[in-house]
Amino acid sequence: MKETMSARIAGHGNRTISPDEPPPSVLVTGASSGIGHATAIALAHRGWRVFGGVRRAVDEAALTAEGIVPVHLDVTDAASIAHAKDIVLTALGDRPLSALVNNAGIT
């Protein structure tokens, strides 16, 4: 039996998500390490469909192992941002992105 989950979704407040609904989705930038990595894993374990932004291909396997969809994303590069947007929107189809955790740092 699928469990329901309570989530705060932008514009919808707290509500129970039916097991028949697609899970809420989120893009977490800077998901390769630190707070971004921990946030991506926590959301994935709570049933969210998580897209994790990473700059290096070597970081993708760890996210995939946690059920996270890795997306190559350098937040300082407009072309990289546009490409990541296309990947996420294509994966979501007609469903909206529920949230963005803009965690990536610029060094």
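The values are calculated or read from the model by the stated rules, or taken from the named source; none is laboratory data. These numbers were taken from a predicted model, which means no experiment stands behind them. Cβ: placed from backbone, ideal geometry, glycine included. Neighbour counts: every protein chain shown. Please note that ligands, DNA and RNA were not included when accessible areas were found on the heavy atoms of the full protein model with its side chains. Shrake-Rupley method; radii C 1.70, N 1.55, O 1.52, S 1.80 Å.
Tabulated values for the structure
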{"item": "Qualifying positions in the stretch 49-59 - surrounded by fewer than 23 Cβ atoms within 10 Å (Cβ to Cβ) and touching a helix residue (DSSP H, G or I) at 6+ places or on another chain (Cβ under 9 Å)", "result": "R49, R55, D59"}
{"item": "Residue count, the stretch 91-104 (criterion: assigned to a loop (DSSP other than H, G, I, E, B) and open to solvent by 60 Å² or more (accessible area, probe 1.4 Å))", "result": "5"}
{"item": "Tally of residues being hydrophobic (A, V, I, L, M, F, W, C) and open to solvent by 60 Å² or more (accessible area, probe 1.4 Å) across the stretch 60-69", "result": "2"}
{"item": "The stretch 15-38 - residue that is touching a strand residue (DSSP E or B) at 6+ places or on another chain (Cβ under 6 Å) and either open to solvent by 40 Å² or more (accessible area, probe 1.4 Å) or on the phi > 0 side of the Ramachandran plot (or both) and, of those, modelled with the highest pLDDT", "result": "S32"}
{"item": "Verdict on V88 being open to solvent by less than 40 Å² (accessible area, probe 1.4 Å), in contact with a strand residue (DSSP E or B) (Cβ under 7 Å, 6 or more places away or on another chain) and either in a helix (DSSP H, G or I) or modelled with pLDDT under 95 (or both)", "result": "yes"}
{"item": "Pair list, Cβ < 9 Å and 6+ apart or interchain, from the stretch 96-107 residues that are touching a residue at least 40 places away in the same chain (Cβ under 8 Å) and among the hydroxyl-bearing types (S, T, Y) to residues that are open to solvent by 50 Å² or more (accessible area, probe 1.4 Å) and assigned to a loop (DSSP other than H, G, I, E, B)", "result": "S98/A10; S98/H12; S98/P23"}
{"item": "Which numbered condition M1 misses (of (1) open to solvent by 80 Å² or more (accessible area, probe 1.4 Å); (2) at pLDDT 95 or above)", "result": "(2)"}
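For (1) of a type in the set (S, T, Y); (2) without any contact (Cβ under 8 Å) to a residue 40 or more places away in the chain; (3) in a strand (DSSP E or B), each residue gets a yes or a no:
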residue: P19; (1), (2), (3): no, yes, no
residue: V26; (1), (2), (3): no, no, yes
residue: I35; (1), (2), (3): no, no, no
residue: A38; (1), (2), (3): no, yes, no
residue: F51; (1), (2), (3): no, no, yes
residue: D59; (1), (2), (3): no, yes, no
residue: A62; (1), (2), (3): no, yes, no
residue: G67; (1), (2), (3): no, yes, no
